[in-house]
Structures are given as structure tokens and as C-alpha cells.
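Participant: I'd like to ask you about the structure that follows.
The values are calculated or read from the model by the stated rules, or taken from the named source; none is laboratory data. Just so we're clear, the structure is a prediction, and the values are computed from it rather than from any experiment. Because the Cβ atoms are built from the backbone with ideal geometry, glycine has one as well, and the counts that use them run over all protein chains shown. When the accessible area is computed, the model is the full protein with side chains, heavy atoms only, and any ligands, DNA or RNA have been set aside. Shrake-Rupley method; radii C 1.70, N 1.55, O 1.52, S 1.80 Å.
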Amino acid sequence: MGGNATLRSGNDTSVNTFDVKADLTANAGGNATFDVVNVGGSMYLQAGKAIDVGTAVIGVDGTWVAGTDLNADDVTTGCNFSGDAGGTMSIGSVQAGCGLQLASGESLVFDALRAGNDIQLTSRRADVRGGAVDAGGSLKVGAANDIAINTTTAGVDIAANSGGNQQWGSYEAGRDVRFAAGGDVLAGNGESGGLQSIISGGSIHFDRIQAGTTVSMDAQGGSLTGRQLQAASGALAARDQLSLAHAMVDTRLNLAASDINAQIAQSSQGVGPLTTTLTGYRNGVAHQVVVEVDPRDAWLIDQLKAVDAQLASSAARADIAQGYIEKTMTLATSGMNVLMDNTSPVLRPVDVQLTQLDKTFRLSADGTFMDTNAFVVRFADGFRLTSPNYNPEHVDGGPNYLGESAVRYMGRMLQLDTRNGQSVPASEWLDDEKNTDDVVSSPAGAVNLGAPN
């Protein structure tokens, strides 16, 4: 047919093969069925009930509206394609030169979708499920229930919002990725040139995620489990457990959960210390924190809140700016093994042993040197500690003392002297001036008399 074509029917319309060089407008009161349709211009198809198309080749734009279901095997348009179904939508493949929009009242299922610009997929009352999506622009997906897509590529952004679960086999975005789900989020391999944000009403599980800038995740109703994470910086949170097999960041990674188990490395692009915040969910107190880090130079924990913590670093320098430990903490650096035990003052075989009755403290370790405002129970030979003198409120009183706790002081002073007592005047036995390497006397006293015994 050489010009524009119009098909109208109060009931069903069924066409085996239809060719038109210009535009096609078709309206059916019932069902509309086309086995093969070729349109040189644009195609507008509306049916009161279902639309069923085998193969459609449209030169410009295609717009299809079905009162109930919409089914198509293969659709190709020169520019835009829009499909809307009041019921379900089942699409084999769609290739649009410009934009692509698909919406359905019930489930939306497809094999492969490709568009030169943006793609938008919506299921108003059910799921969106598909094989492959390739958008030259951005991809936006919305579903009342679940979203499940095997392979996704977008030149710009990927955004998905669902009332239920989300499952992504692999995805790649030129810029940002944002997932928000009422249920769980399961991701395989995900990459983005910009940020990645995942918010889940349940749990989050991923195999590998790489972001050009920041990563933020919040498992509001469950756990967060990841195998490999890479980003400039990140903030991960989970109501329950947080487990991270390996993470590499440039500068910072904040972790918040009831239980934390993570291994973190600092990338070669990182400048300054590797910084972390380790707390319970929503700034609460974590039950257990187990973290091992490999920083380029130093590890800074700007906030630590836990019942028990096991911390390890390959670097010699580690700082805890704001610490809160209810029971025990171990800190192993390349130069020092530290134990804080707030449950018992019994001496342990560590380089430095601390305790803190009010559970809050600060700490800075560098090789064999440490500065802390916690009570020093003991420290081994070869290690140097500085700590402020204390007033009853445990506020830094100054000047700092360079020495030991009362427990260590008394233990050393009560040791038997192997020197010949007859040849040493008694006045020299307790002469601090001859023991300046161990104790520095001051008018306020050189020992920490406030430490618990």
C-alpha cells in the first residue's frame, strides 16, 4: 500500500501480512492479531482486548495499547517504541533506534531489549522479568513486586524500584546505579562509572561490585553479604550480619551491623590513611566486630562501638579516635599486640594491656609507641606509652606521664634485688633517679593510681 493506511473494526482484527509505505493506524474493539507487519512510517495499534504480533518492522515510531494482554515475537523500530498492556506483556525482542517504553498491569516478561536512548519498564501490579537489556541512555525499572533481569547495560544510569525482591545477574552503567527494593537484593557482577546505591527492605547479597566513586548499601531487614567490592569509598550497613570477603577502597569504608566480619585493603590510588567507622546498625553498638585491614600507611578508626572487637592491620600505625568497648578488644598491628579487657584485670601475655571502666577511650599506636587515655594495666619491655594523668572524672589533667600502671610498678618494685644488699645503701633501693628508663617522677606522681587492681 503506497499511502497511509487505517484499519478499524468493532470486533476482532486478524491480518496475516500487512505492508504499508507510510503510516498505519489500526483500532480493534476486540483482539488485534498481525502475523507480519511492515510499516514505512509510524504505527499506532489499539485493541480493546489483546494484541498479538509475530514480526513487526516499523520505519519511525510504534505505539501499541492493549486493553488486556500484549504479546509480540520481534519488533524493530527506526525510532521510538511504546507498548502498554492492561494485563500481561510478553515480548521476545524489541530493537528501537531511539527510546523504548513498556508498561503492563500484570507481569512484564521479555527476552531481549535494545534502544539507542532510554528504556523504561513498568509493571503496575506484578513483576518485571527478562533476559537482556541494552540501553544507550538510562534504564529505569519499576515493579509492584519483583524485578529479575539477567544482563543489563546502560550508557548512563540504571535505576530500579520494586515492592519485592530484585535479582540482577550482571549489570554495567556508564554513570550511576540505584536499586531500592522492599525485599531482598541479589546481584552478581555489577559495575558503574559513578556511584552505586542499594537499599533493601530485606537482605543484600552480591558477588562483585565495582564503582567509580562511592558505594552505599543498607540492608534494612536482614544481612549483607559480599564477595568482592571495589570503590573510592563506601558505607555498608545491615540490621543483622555484615560479611565482606574482600574490599578495596581508596580512602574510606564505613561498616555498621550487629555483627561485622570484613577484610579491607587500600588501593594504590589512596591518599592518606585508610579510614573506617565500625559500629552497630544505625550508630548502635555492634555485638562483634572482626576486621582485618591492609592500608598503605596507617589505619584510622574514627568511631568504634562494639561489645567485642578483633582488629588487625598490616601497618604499624593505627588510631582509634572515638572508641567504645563493652567487654574486650584486641588490636594487632605490625609492631604491637594490644588487649583491652573491661571485664577482668588479670594479666595476659600481650605487648600492651588496657582497661577502661567507662568503656570510652582513644588510642594511637605507632610501631612500639602508644598514646591512650585508657588505663594502662601493663606493657612489655621495649614498648613506650604515654597517657594523661587522671582526675576523678577521667578527664585529661596533664602533664602526661611516661610510665606504667600501679600494678606493673608494684610488681617490679617487689621483685627481689640480686645485688649484694650489704654493699648497696638502703637509700638507693627506691631511688627513681637511677631508674629513669622505667619511671619518670613528677610532683603529681608517676604511676596511675586510678587503675583497677
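Participant: Might you let me know whether segment 393-409 holds any residue that is of a type in the set (S, T, N, Q) and modelled with pLDDT of 60 or more?
Facilitator: Let us first name the residues in segment 393-409 that are of a type in the set (S, T, N, Q), namely 400, 405.
Now narrow it down to the ones that are modelled with pLDDT of 60 or more: none.
The answer is no, given that none of the residues of segment 393-409 is of a type in the set (S, T, N, Q) and modelled with pLDDT of 60 or more.
Participant: Further, regarding this structure: Would you be able to tell me the number of residues in segment 331-344 that are open to solvent by less than 60 Å² (accessible area, probe 1.4 Å) and touching a strand residue (DSSP E or B) at 6+ places or on another chain (Cβ under 6 Å)?
Facilitator: Of the residues in segment 331-344, the ones open to solvent by less than 60 Å² (accessible area, probe 1.4 Å) are 331-333, 335-336, 338-342, 344.
Next, from what is left, pick out any that are touching a strand residue (DSSP E or B) at 6+ places or on another chain (Cβ under 6 Å): 331-333, 336, 338-342.
Adding up the residues that qualify gives 9.
Participant: Take the residues in segment 1-22 that are within 13 Å of ALA56 (Cα to Cα) and of a type outside the set (S, T, N, Q), then tell me which one is most open to solvent (accessible area, probe 1.4 Å). Even if it seems obvious, please write down each step before you answer.
Facilitator: Initially, segment 1-22 is screened for residues within 13 Å of ALA56 (Cα to Cα), giving 15-20.
Right, trim to of a type outside the set (S, T, N, Q) and you get 15, 18-20.
Working: VAL15: 26, PHE18: 27, ASP19: 78, VAL20: 7 Å².
The qualifying residue most open to solvent (accessible area, probe 1.4 Å) is ASP19.
Participant: Scanning for something in contact with an Asp or Glu (Cβ under 8 Å, 6 or more places away or on another chain) and open to solvent by 60 Å² or more (accessible area, probe 1.4 Å), does segment 318-325 turn up at least one residue?
Facilitator: The answer is yes; a qualifying residue exists.
Participant: Here's something else I'd like to know. From the list ILE51, ILE119, exactly one residue is open to solvent by less than 40 Å² (accessible area, probe 1.4 Å), within 25 Å of ARG175 (Cα to Cα) and out of contact with any Lys or Arg (no Cβ under 6 Å at 6 or more places or on another chain). Which is it?
Facilitator: On the way: ILE51 fails: within 25 Å of ARG175 (Cα to Cα).
That would be ILE119, the only listed residue that is open to solvent by less than 40 Å² (accessible area, probe 1.4 Å), within 25 Å of ARG175 (Cα to Cα) and out of contact with any Lys or Arg (no Cβ under 6 Å at 6 or more places or on another chain).
Participant: Output the residues belonging to segment 284-326 that are without any contact (Cβ under 8 Å) to a residue 24 or more places away in the chain, in a strand (DSSP E or B) and not aliphatic (A, V, I, L, M).
Facilitator: Across segment 284-326, the qualifying residues are ASP308, GLN310, SER313.
Participant: Among the numbered criteria (1) within 22 Å of ASN117 (Cβ to Cβ); (2) in a strand (DSSP E or B); (3) open to solvent by 10 Å² or more (accessible area, probe 1.4 Å), which single criterion is violated by ILE149?
Facilitator: ILE149 satisfies all of (1) within 22 Å of ASN117 (Cβ to Cβ); (2) in a strand (DSSP E or B); (3) open to solvent by 10 Å² or more (accessible area, probe 1.4 Å) except (3).
Participant: Here's another thing I want to ask about it. Would you be able to tell me the number of residues in segment 186-236 that are over 17 Å from GLN166 (Cα atoms) and surrounded by fewer than 23 Cβ atoms within 10 Å (Cβ to Cβ)?
Facilitator: At the first step, the residues of segment 186-236 found to be over 17 Å from GLN166 (Cα atoms) are 192-195, 210-215, 227-236.
Imposing the further condition that a residue be surrounded by fewer than 23 Cβ atoms within 10 Å (Cβ to Cβ) reduces the set to 193-195, 210, 212-214, 227-228, 230, 232-233, 235.
So the answer is 13.
Participant: So in segment 288-317, with the set limited to residues that are β-branched (Val, Ile, Thr) and surrounded by fewer than 21 Cβ atoms within 10 Å (Cβ to Cβ), which one is farthest from PRO273 (Cα to Cα)? Walk me through how you get there before you give the answer.
Facilitator: Step one: filter segment 288-317 for residues β-branched (Val, Ile, Thr), giving 289-291, 293, 301, 307.
When the remaining residues are screened for being surrounded by fewer than 21 Cβ atoms within 10 Å (Cβ to Cβ), the result is 290, 307.
Details: VAL290: 19, VAL307: 25 Å.
Here the residue is VAL307.
Participant: For SER93, work out the one condition from (1) of a type outside the set (A, V, I, L, M); (2) more than 21 Å from ALA135 (Cβ to Cβ); (3) in a strand (DSSP E or B); (4) within 42 Å of the chain's Cα centre (by Cα) it doesn't fulfil.
Facilitator: Here SER93 meets the rest and fails (2).
Participant: Return yes when VAL350 is outside any strand (DSSP E or B) and either farther than 27 Å from THR277 by Cβ or modelled with pLDDT under 90 (or both) and no when it is not.
Facilitator: Numbers: outside any strand (DSSP E or B): yes; either farther than 27 Å from THR277 by Cβ or modelled with pLDDT under 90 (or both): no.
So VAL350 fails the test.
Participant: Next question. Working only within segment 78-116, note down all residues that are within 20 Å of GLY59 (Cβ to Cβ) and in contact with a Lys or Arg (Cβ under 6 Å, 6 or more places away or on another chain).
Facilitator: GLN95
Participant: While we're on this one: Report yes if VAL39 is open to solvent by less than 50 Å² (accessible area, probe 1.4 Å), within 50 Å of the chain's Cα centre (by Cα) and at pLDDT 95 or above, otherwise no.
Facilitator: Details: open to solvent by less than 50 Å² (accessible area, probe 1.4 Å): yes; within 50 Å of the chain's Cα centre (by Cα): yes; at pLDDT 95 or above: yes.
Judged against the criteria, VAL39 is a match.
Participant: Here's something else I'd like to know. Quick one: would you say VAL75 is modelled with pLDDT of 95 or more, within 16 Å of ILE119 (Cβ to Cβ), open to solvent by less than 40 Å² (accessible area, probe 1.4 Å) and out of contact with any Lys or Arg (no Cβ under 9 Å at 6 or more places or on another chain)? If you could, list the steps in order and put the result at the bottom.
Facilitator: On the way: modelled with pLDDT of 95 or more: yes; within 16 Å of ILE119 (Cβ to Cβ): yes; open to solvent by less than 40 Å² (accessible area, probe 1.4 Å): yes; out of contact with any Lys or Arg (no Cβ under 9 Å at 6 or more places or on another chain): yes.
Spelling it out, VAL75 is indeed modelled with pLDDT of 95 or more, within 16 Å of ILE119 (Cβ to Cβ), open to solvent by less than 40 Å² (accessible area, probe 1.4 Å) and out of contact with any Lys or Arg (no Cβ under 9 Å at 6 or more places or on another chain).
Participant: How many residues does segment 96-128 contain that are of a type in the set (Gly, Ala, Ser) and outside any strand (DSSP E or B)?
Facilitator: Filtering segment 96-128 for residues of a type in the set (Gly, Ala, Ser) gives 96-97, 99, 103-105, 107, 112, 115-116, 123, 126.
Right, trim to outside any strand (DSSP E or B) and you get 97, 99, 105, 107, 116, 126.
Total satisfying the criteria: 6.
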